[in-house]
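S.K.: Attaching a single structure in structure tokens format; questions to follow.
The values are calculated or read from the model by the stated rules, or taken from the named source; none is laboratory data. Every value quoted in this text rests on a predicted model; they were computed, and no experiment measured them. As a convention, Cβ positions derive from the backbone with ideal geometry for all residues, glycine included, and neighbour counts pool all protein chains shown. With ligands, DNA and RNA removed, areas are computed over all heavy atoms of the protein, side chains included. Shrake-Rupley method; radii C 1.70, N 1.55, O 1.52, S 1.80 Å.
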Amino acid sequence: MGAGHAHQLYRRASSPVHALPPHTKLAATFAFVVVVVSTPREAMWAFGVYAVLLGGVAGLARIPPLFLLKRLLIEVPFVAFAVLLPFVAEGERVEVLGVSLSVSGLWGAWNVLAKGTLGVAASVLLAATTELRELLLGLQRLRLSPLLVQIATFMIRYGDVITDEMRRMRIARESRGFEARGLRHWGVLAKSAGALFIRSYERGERVHLAMLSRGYAGVMPVIDEVTASRAQWSYALALPCAALVVCLLGWVL
């Protein structure tokens, strides 16, 4: 899998959540999101319970609330979409502070905000407690397509390389007095993007030839085999199981 790469979402700490095998956390997160999406939107109290459950996991993992809230900003485009729904949706209308809003649009906005926020929060907690390399090992353990795992591995490994290449190209432009200030500079930026694509393609060809020369036959070797005990599985699945109980109550009540 190569060397581990730290990322901005990860927060190093010593906690029971960090210590769980990665594939158990991946399975638990996926199951939790499925349960949240399956919850009826009318059971508004259930989403509050889900938020409390995630808050408990964050506390157990020693993730500061501010750290989590900052990374939830990634869902801002979805929030903007949800805010527009009550204004553009059709059907029965209701007056709210003198503004005519669609009832179905209000429910749709709530559905997107509640389920989307909880899903993003669960993903952020997963990323905050699991390093990228461990996530790849977890996906491999869960029998994800080896080709997809390899693609993700190379993307992570060479993402920093491409970023550094972009930085050097930017420094080279600025050292020659270039500053992008308007549309007339887009041509230079387009040429830089083209040059970056060619360099990246050529680097990929060289890496592929180097791998073939070292015996690569389409399958990456498994360096580390991660396993999990029944206790660890039980510990990881406690969150989705508790959420499932809440979901069932939401349908019944």
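S.K.: Condition first: assigned to a helix (DSSP H, G or I) and of a type in the set (V, I, T). Now tell me which residues in segment 207-221 satisfy that. Break it down into steps so the answer makes sense when it comes.
M.R.: The first filter runs over segment 207-221 and keeps only residues assigned to a helix (DSSP H, G or I), leaving 207-213.
Within segment 207-221, just V207 meets the criteria.
S.K.: Among the residues in segment 85-99, are any on the phi < 0 side of the Ramachandran plot, open to solvent by 60 Å² or more (accessible area, probe 1.4 Å) and touching a residue at least 24 places away in the same chain (Cβ under 8 Å)?
M.R.: no
S.K.: For M155, which of the numbered conditions (1) under 30 Å from F67 (Cβ atoms); (2) of a type outside the set (F, W, Y); (3) in contact (Cβ under 8 Å) with a residue 24 or more places away in the chain fails to hold?
M.R.: With respect to (1) under 30 Å from F67 (Cβ atoms); (2) of a type outside the set (F, W, Y); (3) in contact (Cβ under 8 Å) with a residue 24 or more places away in the chain, M155 is out only on (3).
S.K.: Given A231, A190, which one is surrounded by fewer than 10 Cβ atoms within 10 Å (Cβ to Cβ) and among the hydrophobic types (A, V, I, L, M, F, W, C)? First the steps, then the outcome.
M.R.: Details: A190 fails: surrounded by fewer than 10 Cβ atoms within 10 Å (Cβ to Cβ).
So the residue among A231, A190 that is surrounded by fewer than 10 Cβ atoms within 10 Å (Cβ to Cβ) and among the hydrophobic types (A, V, I, L, M, F, W, C) is A231.
S.K.: Is it the case that L196 is under 23 Å from I151 (Cα atoms) and either in contact with an Asp or Glu (Cβ under 8 Å, 6 or more places away or on another chain) or modelled with pLDDT of 90 or more (or both)? Full working, then the answer.
M.R.: Working: under 23 Å from I151 (Cα atoms): yes; either in contact with an Asp or Glu (Cβ under 8 Å, 6 or more places away or on another chain) or modelled with pLDDT of 90 or more (or both): yes.
When the stated conditions are applied, L196 passes them.
S.K.: Return only the number of the condition from (1) closer than 18 Å to L126 by Cβ; (2) in a helix (DSSP H, G or I); (3) under 15 Å from the mean Cα position of the chain (by Cα) that L54 does not satisfy.
M.R.: (3)
S.K.: Another one. Being of a type in the set (A, V, I, L, M), outside any helix (DSSP H, G or I), on the phi < 0 side of the Ramachandran plot and in contact with a helix residue (DSSP H, G or I) (Cβ under 6 Å, 6 or more places away or on another chain) is the requirement here; does L139 meet it? Quick ask: steps written out before the conclusion?
M.R.: On the way: of a type in the set (A, V, I, L, M): yes; outside any helix (DSSP H, G or I): no; on the phi < 0 side of the Ramachandran plot: yes; in contact with a helix residue (DSSP H, G or I) (Cβ under 6 Å, 6 or more places away or on another chain): yes.
No.
S.K.: Looking only at segment 44-63, decide whether some residue is touching a Gly at 6+ places or on another chain (Cβ under 9 Å) and within 24 Å of A19 (Cα to Cα).
M.R.: Looking for residues that are touching a Gly at 6+ places or on another chain (Cβ under 9 Å) and within 24 Å of A19 (Cα to Cα), one finds none in segment 44-63, hence no.
S.K.: Same structure again: Within segment 16-33, can you find the residues that are surrounded by 15 or more Cβ atoms within 10 Å (Cβ to Cβ) and either of a type in the set (A, V, I, L, M) or assigned to a loop (DSSP other than H, G, I, E, B) (or both)?
M.R.: Scanning segment 16-33 gives V17, L20, P21, L26, A27, A28, A31, V33.
S.K.: Please go through segment 104-132 and pick out each residue that is open to solvent by less than 20 Å² (accessible area, probe 1.4 Å) and under 21 Å from E42 (Cβ atoms).
M.R.: Across segment 104-132, the qualifying residues are G105, G108, A109, A114, L118, G119.
S.K.: Looking at P77 and the list (1) out of contact with any Leu (no Cβ under 9 Å at 6 or more places or on another chain); (2) modelled with pLDDT under 85; (3) open to solvent by less than 60 Å² (accessible area, probe 1.4 Å), which single condition is not satisfied?
M.R.: Of everything listed in (1) out of contact with any Leu (no Cβ under 9 Å at 6 or more places or on another chain); (2) modelled with pLDDT under 85; (3) open to solvent by less than 60 Å² (accessible area, probe 1.4 Å), P77 misses just condition (3).
S.K.: Name the residue, out of G204, G119, G194, that is of a type outside the set (F, W, Y), in contact (Cβ under 8 Å) with a residue 60 or more places away in the chain and part of a helix (DSSP H, G or I). Let's see the steps before the verdict.
M.R.: On the way: G204 fails: in contact (Cβ under 8 Å) with a residue 60 or more places away in the chain; G194 fails: in contact (Cβ under 8 Å) with a residue 60 or more places away in the chain.
Just a single option satisfies the conditions, and that option is G119.
S.K.: Say we look at segment 157-181 and pick out the residues that are of a type in the set (A, V, I, L, M) and open to solvent by less than 40 Å² (accessible area, probe 1.4 Å); which of these is nearest to Q8 (Cα to Cα)?
M.R.: First pass over segment 157-181, keeping only residues of a type in the set (A, V, I, L, M): 161-162, 166, 169, 171-172, 180.
Subset that is open to solvent by less than 40 Å² (accessible area, probe 1.4 Å): 161, 169, 172.
Numbers: V161: 17, M169: 24, A172: 27 Å.
Ranking the candidates gives V161 first.
S.K.: Within segment 126-148, restricting attention to residues that are polar (S, T, N, Q) and modelled with pLDDT under 90, which residue is nearest to W233 (Cα to Cα)? Give the derivation first.
M.R.: In the first step, residues of segment 126-148 are kept if they are polar (S, T, N, Q); the result is 129-130, 140, 145.
Cutting the leftovers down to modelled with pLDDT under 90 gives us 140, 145.
Numbers: Q140: 17, S145: 22 Å.
For segment 126-148, the residue satisfying everything is Q140.
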